[in-house]
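Presented below is the structure to which this report refers.
The values are calculated or read from the model by the stated rules, or taken from the named source; none is laboratory data. Everything numeric in this text was worked out from a predicted model, so none of it was measured. Neighbour counts are summed over all protein chains in view; Cβ atoms, including those assigned to glycine, are modelled from backbone coordinates with ideal geometry. Areas reflect the complete protein model, heavy atoms only, side chains present, ligands, DNA and RNA absent. Shrake-Rupley method; radii C 1.70, N 1.55, O 1.52, S 1.80 Å.
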Amino acid sequence: MEIDNLFDKEVRRCRTFILGAGFSAGAGVPLTAELLSKAMAKFEIECNGIFQRVNNYARECFQIKDDDVVDYSIVGFSELCTFLEYIELKEYGGGERWSENGSKEKINLRYFLAKTLIELTPEKEDIPKIYIDFVNELHERDIILSFNWDPLLERALEFVNKEYSYTFEDKKIKLCKLHGSVNWRLGDVPDYAKSATDLGWQSMEYTKGMMDVEMYYSSNVLSKLAWPFHRRNSEIAPFLVLPGYGKAFDVRANAVMWYKPEFAFSFTHDVYIIGLSLAPDDFFIRSYFLSTLPYLSNSNKLKDRTIHIINPDKNVSENYSFLTQTQKCVVHCEYFNSKHIDTMRENRERA
């Protein structure tokens with residue numbers, strides 16, 4: 001009985017954090033419209049030939065006249081990615097597919113989205129205090145599910161000398177990035193793409209299970225120094241799951257990350273969902289939540305598990321109604337702030 005009580009007490013201290021774009025926005029990490037606009041501007045400067053092809057597809061997709069400039073701050077990112085997926089489908093049917101990882105246009109779009117995030121995400125002393133306080137509150141049994149591509153959490157954890165793992169290693173904070181990351185790549189580096197500097201790619205061991213293609217990550221790629229100014233580093237091919245209908249194909253390469261965290265809820269207690277609006281068109285995220293969160297009360301015998309939903313969106317209660325009706329929830333309709341970290345700490349210490 002005493003052993004059971006000790007286990008229960010330890011589980012009560014462990015949390016699952018689920019992060020959306022709103023989590024990183026407070027650090028100045030650009031949201032969708034700003035990110036696409038800045039990434040396309042960089043794309044045009046550093047890889048103009050392929051940019052012009054993507055730009056022409058955008059004109060076709062949004063029916064923009066040849067003499068008008070495409071304003072990427074207002075066009076639909078999801079619609080553009082879906083159109084590029086259609087172009088890749090045609091290439092695939094004609095035997096012209098550029099790569100198993102996608103068309104040349106999509107691969108370059110991912111690269112410049114990632115490069116923009118690398119450059120605009122704060123690091124070291126520039127990271128706002130709230131994120132330093134947040135990672136200082138984390139401990140090795142906590143699990144983070146993130147739908148963000150940016151390196152904010154990794155940089156904050158490194159700044160405070162806390163170890164993290166993408167592969168569920170013991171005695172490290174587990175960081176599961178379900179939509180990929182700026183410092184991941186799918187598949188081995190071909191010889192022609194290898195750079196002079198060893199980027200230190202490490203296997204995530206997906207192929208030890210059922211996956212056919214390995215996923216790799218590199219801590220060195222989190223540094224701006226790995227991304228040369230005004231030219232591409234062809235060894236870096238960021239694995240980012242883009243929005244739109246192509247997500248149904250891209251996300252399969254990261255299926256391990258969608259599978260393993262389902263078991264996380266059996267070994268954690270409170271859940272904090274931060275900055276994730278769960279819009280109706282987030283179909284995979286919504287399905288994932290529908291398949292797991294309404295049943296959390298059955299995942300272990302502990303009582304009083306609470307799900308905290310932190311989001312200023314006025315529609316947040318409606319978007320999460322399937323959850324608030326089945327689980328014990330607290331909806332904080334406000335931006336993520338230091339008060340929420342105090343709540344996390346108090347709940348952990350009270351466990």
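What distance in nm lies between label points placed 7 Å from Cα along the C-beta direction at residue 231 and residue 314?
With each label placed 7 Å out from Cα toward Cβ, I get 5.2 nm.
Give the residue list of GluC sites (Glu not before Pro) in the range 53-145 that are DSSP loop and have at most 13 other beta-carbon atoms within 10 angstrom. Could the numbers behind the result be given before it?
Working: sites: 60, 79, 85, 88, 91, 96, 100, 105, 119, 123, 125, 137, 140; in loops: 96, 100, 123, 140.
Sparse-neighbourhood loop GluC sites (Glu not before Pro): 96, 100.
Given springs between every Cα pair under 10 Å in a Gaussian network model of the chain, which of 230, 308, 179 has the largest fluctuation?
Answer for the Gaussian network model of the chain: 230.
Translational D (Stokes-Einstein, µm²/s) of the range 276-351 at 10 °C and 1.306 mPa s when Rh comes from the Kirkwood sum over C-alpha pairs?
On the way: Rh = 13.6 Å.
Rounded, D is 117 µm²/s.
Under the definition of Cα pairs under 8 Å and six or more residues apart, what whole-number percent is the relative contact order of the range 262-351?
Relative contact order, the range 262-351: 32 percent.
Quick check: residue separation of residue 5 and residue 31 times 0.36 nm, minus the Cα distance between them. What number comes out in nm?
Taking residue 5 through residue 31 to full extension adds about 5.0 nm, to one decimal.
Do the sum for the chain: with -39,500 (n - 2.57) for every DSSP H run of n ≥ 4, divided by all residues, what is the mean residue ellipticity at 222 nm, to the nearest 500 deg cm²/dmol? All intermediate terms of the calculation are to be shown ahead of the outcome.
On the way: 14 runs with 138 residues, N = 351.
Only helices count here, giving -11500 deg cm²/dmol.
Roll a 1.4 Å probe over the protein chains and send me the accessible area per residue for the chain in Å².
49
Scaled to the compact-protein estimate 2.2 N^0.38 Å, what is the alpha-carbon radius of gyration of the range 194-342, rounded to two decimal places?
That works out to 1.30 for the range 194-342.
With the convex hull built on the Cα atoms of the range 138-267, state its orientation-averaged projected area in nm².
Quarter of the Cα hull surface area: 9.1 nm².
Sequence gap at least 6, Cα distance under 8 Å: using those rules, report the relative contact order of the range 197-351 to the nearest whole percent.
Relative contact order of the range 197-351: 16 percent.
Where the accessible area of the chain is counted over protein heavy atoms with a 1.4 Å probe, how much of it, in %, is carbon and sulfur?
51
Stick to Cα atoms and the Kirkwood definition of Rh, then tell me Rg/Rh for the chain.
On the way: Rg = 20.8 Å, Rh = 21.4 Å.
With Rg and the Kirkwood Rh in hand, the quotient comes to 0.97.
Taking every pair of alpha-carbon atoms in the range 133-195, what share in percent sits in each 5 Å bin, from 0 to the bin with the longest distance?
4, 16, 25, 22, 14, 9, 6, 3, 1
Can you tell me which lysines have their Cα less than 26 Å from the Cα of residue 224? Leave out same-chain residues fewer than eight positions away.
38, 42, 104, 106, 115, 124, 129, 162, 172, 174, 177, 194
Could you give the distance between the Cα centres of the range 134-148 and the range 239-274, to the whole Å?
Centre-to-centre (Cα) distance: 15 Å.
Relative contact order of the chain, please, whole-number percent, based on alpha carbon pairs below 8 angstrom and at least 6 residues apart.
Relative contact order of the chain: 22 percent.
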